[in-house]
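Accompanying notes for the structure given below.
The values are calculated or read from the model by the stated rules, or taken from the named source; none is laboratory data. Since we're looking at a predicted model, the values are computed, not measured. Reconstructed Cβ throughout: ideal geometry from the backbone, glycine too, with neighbour counts over all protein chains shown. Quick note on the areas: whole protein, heavy atoms, side chains included, nothing else; ligands and nucleic acids left out. Shrake-Rupley method; radii C 1.70, N 1.55, O 1.52, S 1.80 Å.
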Amino acid sequence: MLRVAVVGSGPSGCYTAQSLVRLDSEVRVDVLDRLPCPYGLVRYGVAPDHEKIKSLQNNLRAVLEHERVRFLGGVQIGPGGVTVGRLRELYHAVVYCVGAATDRHLGVPGEDLPGSWSATQFVSWYSAHPDAEDAGFLRDARSAVVIGVGNVAVDVTRMLARGLAELTSTDMPQAALTTLADSRVTEIHMVGRRGPSQARFTTKELRELGTLPETDVVVDPAELALDPGYTDPSALPAPQRRNIEVLRGWAGTPPKGAPRRIHLRFFLRPAELLAERGHVGAVWFERTVPDGQGGVTGTGRHEVIEGQLVLRSVGYRGVPLEGLPFDPATGTVPNLSGRVLREGAVAPGEYVAGWIKRGPTGVIGTNRPCAKETATSLLEDAPVLAVRAVPGGDPLPALRAAGADPVEWPGWQSIERAEAELGASLGRGVVKLPDWPSLLKAAAGKAP
Ligand SMILES: Cc1cc2nc3c(=O)[nH]c(=O)nc-3n(C[C@H](O)[C@H](O)[C@H](O)COP(=O)(O)OP(=O)(O)OC[C@H]3O[C@@H](n4cnc5c(N)ncnc54)[C@H](O)[C@@H]3O)c2cc1C
Ligand SMILES: NC(=O)c1ccc[n+]([C@@H]2O[C@H](COP(=O)([O-])OP(=O)(O)OC[C@H]3O[C@@H](n4cnc5c(N)ncnc54)[C@H](OP(=O)(O)O)[C@@H]3O)[C@@H](O)[C@H]2O)c1
């Protein structure tokens, strides 16, 4: 019998556990997560108004409830918790599925001004991540600038444009709901440094912006016309062609005069965030033009866009875990088909899956084949791993001795009950608990 620890209970961790128990009837898997709650970015990233995608949590739940899979929340691996070395001693194999927890930097002056936040911080706040701070994101903001044109940029743009009526039914924490409902932001600028045919958002997500009540979507036809794909969209791959078609439709439609506007801007590269009384007040962009090879070149011309709130949505980034190799250039753990490479050689018994293996791109479903590849590599190595001496019996006491105080499945179910009760008391559906004390209290079965 093989005992495997999977670190991280997001999609890649859950799909790895699922593949392992499906492919081998002898494997037992502990899925460890530093948070008391499972599901990674499906709980703490997927936008609250995307209830259908959120409901994928039910599929992941079925994995964690499998008889040979056990969820152990509140177990930090690395500094301040169980070390990578100790974990390796307790299990035949360890699979790291720790995601990409931080944001990429812009590297322009003013990036760290008050009022300039990463999309990661904003998303974590409205998703009730217990490490998130209420930074007063919308305080005194009338205009917001979202830098980047990926799906996360679309998410945060949409959340800024949504009102109380649409947010009440979500599981968003009450404080974030109140703040967003009281928002005075009327102008939201989502800005790409390249052209519309190079934007990373997908058409379904883009199109949804046009369905928001009380919101106009404004597209400048002159910016579309700069894009070589605009004049001949037939030459583009289908997803980009569809994006261009949607943008073209908006560019040709006069605004309805709605109280809020989403401005979709292109060919503007952020050059500096400008301060106004010690707080961000605007972003200074350089106008770019296509370089004919999919990139852009600067023109030396500039444009200032007002924004008392700036959300930098330029991608996520993996963080190194002490004791594991890390490639700072890609923000991933070097690996061969999921087998961790230490100084170029396979490290038997150590594996990776998901964003820490491939980098921070891909939807939830992308993690399924990725996890299967890793599980297959692990099971190919099983004959070698099985002869390794690991302490007999359940590793749980040893994890406790190493300082962990795991939240087991009944603890997580108590959190779910507490969130349902909180929602009922507020006249809403499930409402997430937003901080460590209330989560840990609920996990212990105490009233929050
Ligand atoms: C804001 C946002 C919105 C998204 N929305 C969608 C969407 O609508 N639809 C879609 O298909 N895809 C969406 N995605 C993409 C999708 O969420 C990712 O593809 C997926 O979550 C990556 O899975 P993962 O398991 O690698 O990482 P994660 O989901 O990040 O899971 C990593 C887990 O590891 C845990 N962990 C990290 N470090 C440690 C440690 N040291 N010890 C113990 N545990 C640790 C974390 O707590 C976390 O639970 C979104 C992504 C983002 C960022
Ligand atoms: N609903 C969904 O399905 C959903 C929702 C959210 C996230 N996701 C997925 O999660 C993954 C991560 O999404 P993401 O939006 O964080 O990343 P992303 O898709 O990689 O988009 C990042 C954006 O930031 C821009 N950018 C990067 N560096 C920049 C810089 N220095 N200055 C200006 N712009 C810069 C990129 O432009 P360039 O292209 O020019 O580099 C791009 O527009 C994606 O695979 C996404 O599809 C899916």
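Dipole of the chain (Lys/Arg Cβ +1, Asp/Glu Cβ -1, origin at the Cα centre): which of Gly148, Ala222, Val304 lies farthest to the positive side?
Positive-end residue among those listed: Ala222.
Quick check: with the 1.4 Å probe, what order do Thr376, Thr361 take by accessible area, largest first?
Order by accessible area, largest first: Thr361, Thr376.
Long-range amide H contacts for Leu72: which residues qualify at under 5 Å (H placed 1.01 Å from N, peptide plane, sequence gap of 5 or more or a different chain)?
Close amide H contacts, sequence-distant or interchain: Val31, Leu32, Asp33.
Could you bin all the Cα-Cα distances of the stretch 375-448 into 5 Å bins starting at 0 and give me the percent of pairs in each, rounded to whole numbers?
P(r) over the stretch 375-448, rounded to whole percents: 3, 14, 15, 13, 12, 10, 9, 10, 8, 4, 2, 0.
If amide hydrogens are placed 1.01 Å from N in the peptide plane, which non-local residues have theirs closer than 5 Å to the one on Val310?
Hits under the 5 Å cutoff: Ser116, Trp117, Val145.
Give me the dipole magnitude in Debye, nearest 20, for the chain about the Cα centre, with unit charges on the beta carbon: positive for Lys and Arg, negative for Asp and Glu.
Dipole about the Cα centre, nearest 20: 500 debye.
For Met1 and Glu65, compute 0.36 nm times the residue count separating them, minus their Cα-Cα distance, and round to one decimal in nm.
Value of the extension gain: 21.1 nm.
Compute the accessible area per residue over the stretch 53-95, keeping the other protein chains in place, probe 1.4 Å, unit Å².
37
When the Cα centres of the stretch 307-376 and the stretch 128-147 are compared, how far apart do they sit, in Å?
Spelled out, the Cα-based centre of one part sits 28 Å from the other.
With the cut-off at 19 Å, tell me which of the pairs Lys54/Lys204; Lys54/Lys357; Lys52/Lys432; Lys52/Lys372 have Cα atoms farther apart than that.
From the list (Lys54/Lys204; Lys54/Lys357; Lys52/Lys432; Lys52/Lys372), the Cα-Cα distance tops 19 Å for Lys54/Lys357; Lys52/Lys372.
What is the gain in length, in nm to one decimal, between Trp409 and Glu306 on full extension, counting 0.36 nm per residue of separation less the C-alpha to C-alpha distance?
32.3 nm
Calculated FRET efficiency, Val319 and Ala347, Cβ-Cβ r, R0 30 Å, to nearest 0.05?
0.95
Quick one: pull the percent of accessible area on the stretch 104-314 belonging to carbon and sulfur, 1.4 Å probe, ligands and nucleic acids left out.
Percent of accessible area from carbon and sulfur atoms in the stretch 104-314: 51.
Between Gln293 and Thr203, what is the FRET efficiency for a Förster distance of 25 Å, r being their Cβ-Cβ separation, to the nearest 0.05?
The formula returns an efficiency of 0.55 here.
Within the chain, what's the longest stretch lacking trypsin sites (Lys or Arg not before Pro) that sit in DSSP loops with no more than 11 other Cβ atoms inside 10 Å?
Looking at the chain, 1-183 is the longest stretch - no exposed trypsin sites (Lys or Arg not before Pro) with at most 11 other Cβ atoms within 10 Å.
Multiply the residue gap between Leu23 and Ala386 by 0.36 nm, knock off their C-alpha separation, and tell me the result in nm, one decimal place.
Contour length minus Cα-Cα distance gives 129.1 nm.
Just for the stretch 104-314, what percent of DSSP beta bridges are antiparallel, to the closest 5?
If we restrict to bridges inside the stretch 104-314, about 40 percent are antiparallel.
Between Ala235 and Gln57, take the C-beta separation as r, use R0 = 30 Å, and let me know the FRET efficiency to the nearest 0.05.
E(calc), rounded to 0.05, equals 0.15.
Ordered by residue, what ³J(HN,Hα) values in Hz, to whole numbers, does the stretch 32-38 give under the Karplus form 6.51 cos²θ - 1.76 cosθ + 1.60, where θ = phi - 60° and Gly and Pro are x?
Here the 3J(HN,Hα) series is 9, 9, 5, 8, x, 10, x Hz.
Take every DSSP beta bridge with both residues inside the chain and express the antiparallel ones as a percent of the total, to the nearest 5.
Roughly 40 percent of the beta bridges in the chain run antiparallel, per DSSP.
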